[in-house]
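S.K.: Mind looking over this structure? Questions follow.
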Amino acid sequence: MTELDPRLTFENFVVGPANRLASAAARRAADAPGASYNPLFIYSAPGLGKSHILMAIAHKATRDHPERQVLYQTLEVFLSELTEALAEGQRESMRKRYQKLHLLLLDDVQFLTGQPGAQEMVLGTLDSLTASRRQIVLASDRPPVEIDGLDARLLSRFSAGLIVDMGVPEYETRVAIVQRYLEQRGAAIQDGVARAVARIPFKNVRELQGGLNQILAIQDLEDRSLTPDEARAVLERDVRPLAAAAAGGLPGLLGGMGETQVEEAPWRRRLREIARMAESWGFIGTRLERYADTEEPPEPEELNRVVQAFKRDIQRLRDVRAELDRVGNPWPEAATALLQDPERLEEAESLLASAKERQRPFPRIADGPLLGSLASETTSLAVRAAERLVLSEPPEYNPLYLACSDEEEGVQVLEAAGRTYLDARAEGRVGLTSATEFAEDFIRALAEGVAGAWRERWWTVELLLLYGVQELSETERAQEELFHLFEALKRRGARIFLASDRLPSAIEGIEDRLRSRFEGGLVVEVERGSVGARRQEARRRHRPEDAEAEDSGLGPVSLPPLKPLDWGEFQDDELFSQDDLVGDARAPVATSRSLSSSEVLPPLDIAPRRSRDVEKSIPPMAGDKEEAPAAAVAVPSSRGNGTPSGPAGGEAPARPRRSALPAAVRDWYPSPEQVVWDWPVIEERLAEDID
């Protein structure tokens with residue numbers, strides 16, 4: 001087995017339109033193996049991230065569920081093992097070993113061509129794993145129907161799951177990939193070089209990274225920074241793709257559990273008590289329960305480290321909750337489950353980042369004249385049309401397109417329109433930006449994983465003021481984003497005012513559907529100086545950092561300290577010593593003791609663990625369902641009188657102790673639509689006795 005590359009994780013995978021579906025399906029396979037998309041078949045041309053996705057699944061599955069056996073393997077290694085097993089008469093042993101896996105990741109399956117023995121082995125393994133709801137993910141450089149000589153039975157099995165392709169990333173995603181790669185390398189380049197590199201027509205991501213490596217090597221050897229023009233010249237002259245990354249494998253990890261009538265060791269009991277204390281505060285103690293269920297006792301240092309990390313994560317969840325309350329959490333349902341589970345802290349942090357992005361207000365427009373003041377100086381058609389746009393109900397001339405050869409004068413009219421609108425509606429929401437800033441801000445949001453929240457933020461504006469529209473000709477994804485924003489704002493009845501240095505028909509390199517939207521309202525062309533005297537003072541441009549912090553309340557504001565949690569006798573950093581483990585090397589968990597009815601199934605109010613199958617925990621938005629995951633949904637419970645428990649019923653949430661549940665139930669986390677309750681004790685199903 002080969003080793004996994006630690007860099008190839010979901011955190012380092014930039015998601016764009018070309019790979020969003022593959023990434024979402026892969027995350028779901030890692031979170032809930034066998035629940036859906038089984039088998040999952042991913043294909044693309046070489047160098048577009050198939051191996052990255054497979055290794056990311058392996059990393060996430062083993063990190064989140066160490067007890068599961070996960071194997072990443074290339075078909076070449078698979079064939080080598082099969083040949084060796086056949087030579088030694090161990091084929092059946094090999095088959096049984098694969099059938100024990102929870103998740104099998106098989107790369108380069110296109111090499112099944114001309115390998116009937118390997119196809120038969122894959123077919124048997126696939127049937128066995130899918131029948132036991134285990135997950136198989138396969139990757140190839142071509143779809144199944146294009147693999148020569150593929151057994152019809154295998155083709156049928158592949159088609160029964162999900163087949164998804166990954167395409168070449170578009171410009172904005174390539175820029176985000178370059179920025180992410182530079183962060184990983186700890187390298188720096190001049191402004192504009194990332195965009196220059198991204199504009200080179202590389203065939204795949206490997207070649208893109210190879211081109212960037214050339215830039216960095218030249219900078220290192222010559223001890224200087226290349227300019228964008230120099231970088232473009234170097235890459236257009238000689239672009240060499242990177243060599244293919246080596247594939248790797250990961251051995252499965254199993255955590256054993258025993259059941260017997262012995263007294264629990266002190267360290268196990270202590271872990272469970274800490275877990276129950278956390279659960280009494282509304283947090284999930286599964287992490288500590290999992291350690292308490294291990295057959296071999298961990299070292300005291302590891303136990304102390306685990307407990308202290310658990311405490312820190314709970315404290316951070318409390319901080320995240322407080323920050324979400326401060327910024328006004330727009331997705332309270334999605335936050336409910338995340339803020340209870342320390343093992344989902346990373347998702348909670350992502351949700352907080354998205355909430356901050358979603359609630360970030362637009363910077364205020366600098367003080368200056370209203371449209372009426374400009375109109376008093378001149379009878380400009382542009383100014384009069386702008387007044388009709390921002391003051392009329394419903395708005396006239398929407399969208400309004402201003403073609404002005406002097407960009408400063410065009411921006412002056414847009415700013416005056418924004419002031420006029422806000423003068424009539426003090427609480428109005430106005431967004432002023434340039435096309436270049438719009439595109440760059442989207443790239444930033446894409447790289448930070450908050451693209452969905454970024455989009456939602458823009459969809460809330462009542463008046464969009466966009467200048468420098470001609471710069472859209474140098475973008476790809478920004479045009480698509482602006483088109484969807486345009487449509488969303490029009491549906492809401494919002495107002496759109498655009499400015500450019502040329503008419504829409506003269507802008508090259510923009511989509512016809514976008515050009516037709518620009519021309520769908522009123523297009524006004526003005527000459528230089530016709531709007532009014534050009535201002536000489538410095539104008540406060542879009543996104544000033546001081547104004548943003550001042551306006552949004554998201555700047556360096558200190559939160560009031562939360563009252564510390566009282567861990568009582570478990571407050572010390574060193575809770576475990578070697579004495580706690582003496583004589584307990586083989587002592588399993590005492591799970592067969594007599595339990596009270598309240599311990600068997602306490603009232604349920606924790607949201608079920610759902611698959612985290614898409615970019616970050618943001619509810620789906622119209623027109624972009626594939627990029628946002630479904631919000632977590634709490635399953636209400638009844639307490640005899642039919643009153644739901646938990647927040648809706650006014651009581652604190654509770655979670656059943658996993659160690660107190662039957663073994664068949666303890667590790668059971670189906671999706672809500674697959675749940676059929678089978679209560680262990682028939683008497684407890686009755687709301688009242690029946691005579």
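The values are calculated or read from the model by the stated rules, or taken from the named source; none is laboratory data. All figures in this text were calculated on a predicted structure; none of them were measured in a lab. In this analysis, Cβ positions are derived from the backbone assuming ideal geometry, glycine residues included, and neighbour counts consider all displayed protein chains. Calculation scope for accessible area: heavy atoms of the full protein, side chains included, ligands and nucleic acids excluded. Shrake-Rupley method; radii C 1.70, N 1.55, O 1.52, S 1.80 Å.
S.K.: How far is it, in nm, from the label point at Arg7 to the one at Glu273 when both lie 7 Å from their Cα along the line to the Cβ?
M.R.: 4.8
S.K.: Next up: Can you give the FRET efficiency for Asp151 and Lys203, using 1/(1 + (r/R0)^6), R0 = 41 Å, r = Cβ-Cβ distance, to the nearest 0.05?
M.R.: Efficiency computed from Cβ-Cβ geometry: 0.85.
S.K.: Hey, what's the stretch 1-143 come to in accessible area per residue, 1.4 Å probe, Å²?
M.R.: Each residue of the stretch 1-143 exposes 37 Å² on average to a 1.4 Å probe.
S.K.: State, to one decimal in nm², a quarter of the convex hull surface area for the C-alpha atoms of the stretch 1-55, i.e. the direction-averaged projected area.
M.R.: Across all orientations, the stretch 1-55 yields a mean hull projection of 4.4 nm².
S.K.: Please provide three numbers in whole Å: the alpha-carbon extents of the stretch 21-115 along the principal axes, with the largest listed first.
M.R.: 40, 34, 20
S.K.: Could you give the nm distance between label points at Gln190 and Glu67, where each point is 7 Å from its Cα heading toward the beta carbon?
M.R.: It works out to 5.8 nm between the two label points.
S.K.: Okay, moving on. Over the stretch 100-222, what percent of the accessible surface lies on carbon and sulfur atoms, probe 1.4 Å?
M.R.: Taking all protein chains in place, the stretch 100-222 shows 48 percent carbon and sulfur surface.
S.K.: Measuring with a 1.4 Å probe in the full set of protein chains, what accessible area per residue, in whole Å², belongs to the stretch 274-325?
M.R.: 38
S.K.: Under the definition of Cα pairs under 8 Å and six or more residues apart, what whole-number percent is the relative contact order of the stretch 377-494?
M.R.: 24
S.K.: OK, next. Give me the 1.4 Å probe accessible area per residue for the stretch 384-436, excluding ligands and nucleic acids, in Å².
M.R.: 35
S.K.: Follow-up. Can you give the FRET efficiency for Glu183 and Ile218, using 1/(1 + (r/R0)^6), R0 = 25 Å, r = Cβ-Cβ distance, to the nearest 0.05?
M.R.: Step by step, r from the Cβ atoms, then E = 0.80.
S.K.: P(r) for the stretch 87-129: what percent of alpha-carbon pairs falls in each 5 Å bin, starting at zero?
M.R.: Percent of pairs per bin, in order: 5, 20, 28, 28, 17, 2.
S.K.: Moving to a separate point now. Relative contact order for the stretch 1-140: what is it in percent, counting Cα pairs under 8 Å that are at least 6 residues apart?
M.R.: 32 percent.
S.K.: Per 5 Å bin, what percent of the C-alpha pairs of the stretch 350-406 does each bin hold, from zero upward?
M.R.: 4, 15, 15, 17, 17, 9, 9, 8, 4, 2, 0
S.K.: Taking only C-alpha pairs under 8 Å that are 6+ residues apart, what is the relative contact order of the stretch 185-232 in percent?
M.R.: 58
S.K.: What is the percent carbon and sulfur in the accessible area of the stretch 274-387, measuring with a 1.4 Å probe over the protein chains and ignoring ligands?
M.R.: 48
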